[in-house]
Amino acid sequence: MAIVKPIKVRVGNLAGLRGVLNYIKADFKTKNGTLVFGKDCIPEKAFEQMLITKKALHKDTGRQYAHFVQSFYRYDNLTPEQALEIGQKFMERYEHFKDFQICAAVHTNGPQLHIHYVVNTVSHVDGRKWQSSPEDLKQMRSISDDLCREYGLNVYEKPHKGHRSYGEYKANYSWKQQLAEDVARCVRASSNTADFKLLLSECGVDCDIGKKKSLLFTVQAGTYGLEEERKCSNWKLMSYGDFTSENIMQSIGFNDFVIDAAWHDFHLVSEVLAALGASDHPDEPQIYEKTFLANLCPEDFKGKTKLQIEQILAERKYQELIAAQTKAIQERIAAEQAQAAILHRSIAGLIEEFIHWQQQKQLDKQYEIQKNSGNTMEAKIYDEENEWELY
């Protein structure tokens, strides 16, 4: 079973296009880029080629891209390679994608496989802007269902009267409980609200954060086996844990703190998380270290073991030390050069005074010779010219 849904995109600048392309192509989510593919563009150069299309047709303002996510049922026996094939066939069959550049990627880092499609909003053939309607979305979902049937996957069917829905079929496992689990997982994996909302969207859930930081979750039809769209506030999840807005926001903020702290004192953070894990989860004491240090730290830490992270940090600290020492040496050289310049000017001044003294001494000597020889006229002229020396 697969759910296709659009991701809300605000009118933005080209930086947003670059950012979303970098996000979907991240190595740790796509098996080092082997699950990235495209249409009418080279995935590695997707941003540059989309930008050329916009600039050439003078349409580089307004909405820069359209974004869709195709999420597969987590219990379907589907491999990432099969998902890649489905994504490629999906792009070929959906007529509305024709003449538009698309960069897509299968993500394996979440609870279920899902595919991101980023569409350039300007056609590279005739320059028309991307337009999409509810009917177009229905067609996308229909094509997705057909592909799921071809690959032997479950397909969500609207239940007939008297039949139990998927959610009812799963005994003692309500959709709210599944929502609570996904919210908790996304909170653990987010360091800001933007990440939190994006991760939830990959699960088929939209999240709106109110002015008072109250949270409203909108579960799309087909997600958790629901027949139609359902809304649920964070307060209705309280029976499954502490889902107050304060706790959610504080947890996300703590994740951000852990990331920052890990850069400065990795060993201390690791020890604290290990102690907390041993206290809260005796059966799995390393749960916090795995969650925070492997999933939350910067891109270079994704998928790395604790030892590998330590090696990366040690190397970076060494590089920072070398950079600091180099900067100190450069500053010292600059200071010495400044002192040398001052010294050179002082020496030049002394040499100039010495030369003047020698010249004056020579003149004095000539004066004495002339005076002694009786050339009083020249001596008198010399006295008058050097009269200032008498004062």
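Rule-based calculations on the coordinates, nothing more; no lab input. A quick note: this is a predicted structure, and the numbers were derived from the prediction, not measured. Because the Cβ atoms are built from the backbone with ideal geometry, glycine has one as well, and the counts that use them run over all protein chains shown.
Greater than 18 Å separation of Cα atoms is the criterion. Which listed pairs, K55/K98; K8/K176; K5/K197; K39/K98; K25/K55; K39/K89, meet it?
Values: K55/K98 20 Å; K8/K176 23 Å; K5/K197 14 Å; K39/K98 9 Å; K25/K55 23 Å; K39/K89 11 Å.
Where the Cα-Cα span goes over 18 Å, the pairs concerned are K55/K98; K8/K176; K25/K55.
If you wrap a convex hull around the Cα atoms of the range 2-155, how much volume per residue is inside, in Å³?
Details: hull volume 15.3 nm³, N = 154.
Dividing the Cα hull volume of the range 2-155 by its residues yields 99 Å³.
Give the calculated FRET efficiency between K211 and N13 to the nearest 0.05, with a Förster radius of 35 Å applied to their Cβ-Cβ distance. Don't jump to the answer; show the numbers that get you there.
On the way: r = 26 Å, r/R0 = 0.75.
For K211 and N13, the calculated efficiency is 0.85.
Once phi is turned into ³J(HN,Hα) by the Karplus curve 6.51 cos²θ - 1.76 cosθ + 1.60 with θ = phi - 60°, what whole-Hz value does each residue of the range 235-243 show in order, with x for glycine and proline?
Here the 3J(HN,Hα) series is 5, 7, 9, 4, 5, 10, x, 7, 9 Hz.
Evaluate E = 1/(1 + (r/R0)^6) for E81 and E135, where r is the Cβ-Cβ distance and R0 equals 30 Å; express this FRET efficiency to the nearest 0.05.
0.40
Quickly work out the N372-to-S346 label distance, labels modelled 7 Å from Cα along the C-beta direction, and quote it in nm with one decimal.
4.0
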